[in-house]
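First up is the structure itself, then whatever we jot down about it.
The values are calculated or read from the model by the stated rules, or taken from the named source; none is laboratory data. Quick caveat: nothing in here was measured; it's all calculated off a predicted structure. All Cβ positions, even for glycine, are placed from backbone atoms using ideal geometry, and neighbour counts span all protein chains on display. These area figures cover heavy atoms from the full protein model, side chains too; ligands, DNA and RNA do not enter into them. Shrake-Rupley method; radii C 1.70, N 1.55, O 1.52, S 1.80 Å.
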Amino acid sequence: MRPLTNGKAVIIALALSSVLISAGSCEVSSTPEAAGPTTGSAGSAGAPASTGGGGGTGGGNAAAALNSLTVAAAGSMAGYSREKFTHWIGQGEGCDTRDVVLKREGKNVKVAADCKITAGNWHSAYDDKDLTDPQDLDIDHMVPLAAGWRSGANKWTDEQRKQFANDLTRPQLIAVSLQTNRSKGDQDPSTWKPPSKGYWCTYAQSWITVKAYYKLTVTEAEKSALTDMLATCK
């Protein structure tokens, strides 16, 4: 084998150097791609884009969101039934939506193997009461199912209504005392407000967040009541 001439040696050396530099500059990204939304997750409902997160919309933002809602007369209740808003659906590990809300909002919650909740400590924000028996609590739909129907949900699919009724992402579900949930019924803030005025700000923010996310309408009286409740925000 003949020795390389100086010129050829230089060319080969440069080529090897280029390969080594290129190999050293290769990087593998350690940052995973952002996960997309889970198909069929509670709250997706094939609904319009969200204007807020899981909690209620902030004071100033709530007022802006309220002003962005379409004002319209309450729609007809023709064709309504609670069965068109399937709930409570399974959420895994033997739990349904009600169980998840009770576990999420309680303290020292005792849960049996079948996800039956036997005890815990809960605060009913509507009437400022502390409760320890899960049977003394209802899971309230912030925007009642019938109120949703009157303001646009009558045009949704059954699947969309199911997601609305089991939405664990927006502030649509809250554990409260039986008495306050049943006194509220399907009323909007123009005819029913939580007995505890200290909760009015949060209640209004949460109501607006849900209505804005699902692009539901409000009546003039409802908008006026919500405006008054937002005035209690500090």
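Quick notes on this structure:
- Considering only segment 83-234, percent of DSSP beta bridges that pair antiparallel, nearest 5: 100 percent
- Treating r as the C-beta distance of K197 and Q135 and R0 as 45 Å, the FRET efficiency rounds to 0.95.
- These residues, H123, H141, go from largest to smallest accessible area, 1.4 Å probe, as H123, H141.
- Under 5 Å between amide hydrogens, built in the peptide plane, is the criterion, and for Y126 it picks out S177 among residues at least 5 positions away or on other chains.
- Principal axis analysis of the Cα atoms in segment 74-131 yields extents of 43, 31, 13 Å, listed in decreasing size.
- Heavy-atom accessible area, probed at 1.4 angstrom with all protein chains present, ranks S81, S224, S177 as S224, S81, S177, highest first.
- Gained length - E159 relative to V71, 0.36 nm times residue gap less alpha-carbon distance: 29.1 nm
- Spherically averaged projected area of segment 108-177 from its Cα convex hull (nm²): 5.9 nm²
- Approximating the spin labels as points 7 Å out from Cα along Cα→Cβ, the R182-to-D127 distance works out to 1.0 nm.
- Tail weight of P(r) past 21 Å, computed on alpha-carbon pairs of segment 110-234, percent: 42 percent
- With a Förster radius of 22 Å applied to the beta-carbon distance between T86 and D114, the computed FRET efficiency rounds to 0.55.
- Placing D114, D140, D96 in order of accessible area, with the largest value first and a 1.4 Å probe, yields D114, D96, D140.
- A simple spin-label model places pseudo-atoms 7 Å from Cα toward Cβ; at A78 and T232 they are separated by 3.7 nm.
- Estimated inter-spin distance, T219 and N61, nm [label 7 Å along Cα→Cβ]: 2.9 nm
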